[in-house]
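As structure tokens, the structure follows; a few thoughts come after it.
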Amino acid sequence: MPRIRAESIEAHKRLTRRDILDAAYRVLEEVGTADISLAEVAYEAGIGRTTLYEYFRDKDDIIASLVEERLPEVVDSLIASVGGDDIPERLASLAVATVRFIITDPVLGWILHREVPRLSADAQERIRVAHADLAREMVDLYRQGASQGRFREMPIDIAGRFVYDVIMSAARVLIADPDPTARFEEVAAHMRSFLLGGLARDAE
């Protein structure tokens with residue numbers, strides 16, 4: 001029988017699950033893509049592959065679980081970092097902050113901006129739900145800006161898609177760059193200008 005490392009079996013299971021997710025993060029960081037094997041993760045976590053299957057179905061389940069555990073805190077921090085009464089500025093600043101976190105947490109960054117389409121439909125939906133609060137905040141800021149006459153009026157699904165695609169494009173430029181930190185300010189400035197220029201009411 002495996003040695004219990006906590007005060008109860010349930011606590012032991014929580015600890016082991018955390019060890020597996022931490023190990024997966026380290027393997028993802030080293031490999032640089034979602035093409036990791038369960039054997040690699042099990043080895044890094046110091047457990048057998050059979051034990052790993054007691055906690056996760058497959059690689060996509062591990063990646064989705066990692067995002068579910070770590071992303072909500074990131075999203076809350078991003079939203080909390082943006083304040084003030086100027087709605088367009090808040091939206092632009094939130095977009096910039098969203099792209100900046102790719103540099104501070106490249107693993108989550110490239111999972112969200114590059115790897116998601118390669119995952120199973122179930123994993124993609126779980127990841128979408130994990131950052132839904134960020135999408136809602138951006139949509140709410142757009143609605144406020146449109147109601148103030150600062151943003152052009154358009155169907156909310158179109159506006160949401162346009163904002164999302166601008167952020168995704170900026171993120172992918174940084175992901176592909178060998179030195180994203182050095183390139184960040186340039187990319188962020190162009191993204192801000194393009195985003196606000198496209199949404200502006202006077203651009204109609």
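Data overview
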{"read-out": "Filter result (crowded, with 19+ Cβ neighbours inside 10 Å and among the aliphatic types (A, V, I, L, M)) within segment 89-100", "value": "L91, A92, L94, A95, V96, V99"}
{"read-out": "In segment 104-152, the residues that are farther than 12 Å from A34 by Cα, aliphatic (A, V, I, L, M) and within 12 Å of the chain's Cα centre (by Cα)", "value": "I127, V129, A130, A132, L134, A135"}
{"read-out": "Filter result (in contact with a helix residue (DSSP H, G or I) (Cβ under 7 Å, 6 or more places away or on another chain) and among the hydroxyl-bearing types (S, T, Y)) within segment 4-32", "value": "Y25"}
{"read-out": "Condition broken by I103, with the remaining ones in (1) crowded, with 20+ Cβ neighbours inside 10 Å; (2) among the β-branched types (V, I, T); (3) touching a Phe, Trp or Tyr at 6+ places or on another chain (Cβ under 8 Å); (4) modelled with pLDDT under 90 satisfied", "value": "(1)"}
{"read-out": "Selected residue (only one of E68, E44, E10, E54 is under 16 Å from V116 (Cα atoms) and not aromatic (F, W, Y))", "value": "E68"}
{"read-out": "Residue, nearest to A182 (Cα to Cα), within segment 119-141, restricted to residues that are among the small types (G, A, S) and touching a residue at least 40 places away in the same chain (Cβ under 8 Å)", "value": "A130"}
{"read-out": "Tally of residues being of a type outside the set (V, I, T) and buried (at least 17 other Cβ atoms within 10 Å of the Cβ) across segment 120-136", "value": "5"}
{"read-out": "All positions within segment 91-103 that are over 13 Å from the mean Cα position of the chain (by Cα) and not small (G, A, S)", "value": "L91, L94, V96"}
{"read-out": "Subset of segment 147-204 (residues that are of a type in the set (D, E) and not in a helix (DSSP H, G or I))", "value": "E153, D177, D179, E204"}
{"read-out": "Candidate set from segment 175-204 (those that are touching a helix residue (DSSP H, G or I) at 6+ places or on another chain (Cβ under 7 Å) and among the charged types (D, E, K, R)); member that is farthest from A97 (Cα to Cα)", "value": "D177"}
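The values are calculated or read from the model by the stated rules, or taken from the named source; none is laboratory data. Since we're looking at a predicted model, the values are computed, not measured. Virtual Cβ from ideal backbone geometry, glycine too; neighbours counted across all protein chains shown.
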